[in-house]
Amino acid sequence: ICSKCHRFNGQGHDVGPDLGTVRNQPKQVLLTNILIPSKSIAQGYESYVVETNSGGNYDGVIGPQTPSTITLKHEDGKEDVIQRQDIKNMYATNLSAMPADLEKQITVKEMAGLLEFLKNSR
């Protein structure tokens with residue numbers, strides 16, 4: 001599940017922070033970040049909404065930008081490249097791209113294993 005958006009040891013995607021960088025955080029902080037991901041969003045991983053002149057709505061994490069385009073990144077490496085001239089409105093959502101219901105998708109034992117993995121990852 002995590003590799004849809006996170007990288008670890010060069011594997012996965014760059015929509016969320018690299019999981020190899022979180023091992024020094026206390027378990028309670030890691031658990032809070034997993035259960036309530038919008039409570040603290042790592043810099044550079046904020047979600048944005050882009051409304052286009054044609055009425056389209058896109059959301060994602062800001063990726064590569066050029067003078068004429070902006071890229072929004074999504075899970076599994078998917079991206080939307082939007083022409084800047086087509087942007088009507090763009091704003092940060094203050095919500096994490098990470099789902100807030102991971103505890104419903106995995107068991108308590110799997111959650112404990114995930115925390116151990118994150119703490120002991122090298």
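Quick notes on this one:
- Among residues of segment 8-29, those that are farther than 20 Å from Pro64 by Cβ and either of a type in the set (Lys, Arg) or surrounded by 17 or more Cβ atoms within 10 Å (Cβ to Cβ) (or both), counted: 4
- Test: residue in segment 29-39 that is more than 19 Å from Ala100 (Cβ to Cβ), in contact (Cβ under 8 Å) with a residue 40 or more places away in the chain and β-branched (Val, Ile, Thr): no
Read-outs throughout are calculated quantities, based only on the coordinates presented, and are distinct from any laboratory measurement. Source: prediction; values computed, not measured. As a convention, Cβ positions derive from the backbone with ideal geometry for all residues, glycine included, and neighbour counts pool all protein chains shown.
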